[in-house]
Amino acid sequence: MMKCIIIEDELPGIKLLKSYIDKTFFLECIGIFNSVSELPFGILDKTDFIFLDIQLPGINGLDFLKNIEKKPRVIITTAYRDYAIDAFDQGVVDYLLKPFSYERFLKSIYRLHGSIKFSDKEENKNDLFVYADKTFFNINKKDIFLIKAEVDYVKIFYENKNLLVQDSMNSWENKLKEDGFIRVHRSYLINLSKIIKIEGNLIYIKDQVIPVGKTYQSIFFDLIKKL
């Protein structure tokens with residue numbers, strides 16, 4: 001379960017966010033606050049991310065971000081376009097312009113890391129919620145055997161299925177680098193545990209044949225020799 005808080009001073013904005021959160025089964029709102037001065041001590045340590053308005057009573061949302069050392073993950077929700085550059089300079093995940101649709105809301109959640117990780121339960125540490133075709137799919141990282149670049153998308157091959165996701169290979173390489181995945185080509189990221197055989201510069205995984213790119217050959221084959 002992903003835990004979030006809302007910092008918003010307008011009732012319509014609060015109602016919209018709360019309705020979307022309630023519709024999304026892996027999100028839980030643990031607090032709603034009308035200004036940053038209302039935040040209880042330690043609440044940010046219990047929160048996975050924040051929905052933050054900019055125009056707030058007292059200190060505004062961006063000034064709040066500029067003045068805290070350990071910045072939380074933040075999705076800005078505002079009616080004003082003018083602050084977008086400043087907001088992204090502060091490292092926000094996304095910038096939602098009110099009013100926004102549920103689909104646009106879900107895209108922001110997905111952008112938190114391109115997936116949703118359930119961190120509060122050890123047994124769910126391999127679960128990824130991947131957004132594709134207006135739906136979140138629950139995928140176990142161990143079931144993924146191959147990720148292939150498709151222009152502005154990546155295709156995730158898992159079990160006997162595949163999903164086309166709007167994301168980058170670099171993003172998935174970073175997400176899976178601690179889980180036994182390695183980049184072997186500019187267009188391919190593979191799960192080492194799923195390799196059936198290697199012939200020359202060709203890797204066989206299930207019914208897929210993946211070439212090892214020249215740039216990646218040295219690192220890949222050095223790693224294979226150590227396994």
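Here are the numbers for this structure:
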item: Lys71 versus Asp207: modelled label distance in nm, points set 7 Å from Cα along the beta carbon direction; result: 4.6
item: From the coordinates shown, mean projected area of the Cα convex hull in nm² corresponds to which of (i) 16.9; (ii) 14.4; (iii) 12.5; result: (ii)
item: Under Karplus coefficients 6.51, -1.76 and 1.60, residue-wise ³J(HN,Hα) of region 162-170 in Hz, glycine/proline x; result: 8, 10, 9, 10, 7, 6, 10, 5, 4
item: Surrounding net charge for Phe157, when Lys and Arg each add one and Asp and Glu each subtract one, Cβ distance under 10 Å; result: +2
item: Full-extension gain in nm, Ile85 to Ser187, via 0.36 nm per residue minus C-alpha separation; result: 33.6 nm
item: Portion, in percent, of the accessible area of region 48-186 that falls on carbon or sulfur, probe 1.4 Å; result: 44
item: Selection from Tyr20, Phe49, Phe181 lying farthest towards where the dipole of the chain points positive, charges on Cβ; result: Phe181
item: Residues of the chain: accessible area per residue with a 1.4 Å probe, Å²; result: 55
item: Around Ile85: net Lys/Arg minus Asp/Glu count, Cβ-Cβ under 15 Å; result: -2
item: Using a Förster distance of 25 Å, the FRET efficiency for Glu28-Lys98 (Cβ separation, nearest 0.05); result: 0.65
item: Rounded tilt (10° steps) of 214-226 against the dominant C-alpha axis of the chain; result: 80
item: Mean separation of Cα contacts under 8 Å (6+ apart) over length of the chain, as relative contact order %; result: 10
item: Three-way shape label, region 9-101, alpha-carbon gyration tensor, a/c 1.5; result: rounded
item: Listed residues Val93, Val209 arranged by accessible area, highest first, probe 1.4 Å; result: Val209, Val93
item: Which of Ile203, Val74, Ala87, positive extreme of dipole for region 71-227 (C-beta unit charges); result: Ile203
item: Placed amide H near Tyr188: partners under 5 Å, 5+ positions off or other chain; result: Ala149
item: Cβ-derived FRET efficiency at R0 22 Å, Thr135 paired with Arg111, nearest 0.05; result: 0.85
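The values are calculated or read from the model by the stated rules, or taken from the named source; none is laboratory data. Predicted model, so just to flag it, every value in this text is computed and none were measured. No Cβ is skipped: glycine too gets one built from the backbone with ideal geometry, and neighbour counts run over all protein chains shown. Each accessible area value is taken on the protein alone, full model and side chains, heavy atoms only, with ligands, DNA and RNA left out. Shrake-Rupley method; radii C 1.70, N 1.55, O 1.52, S 1.80 Å.
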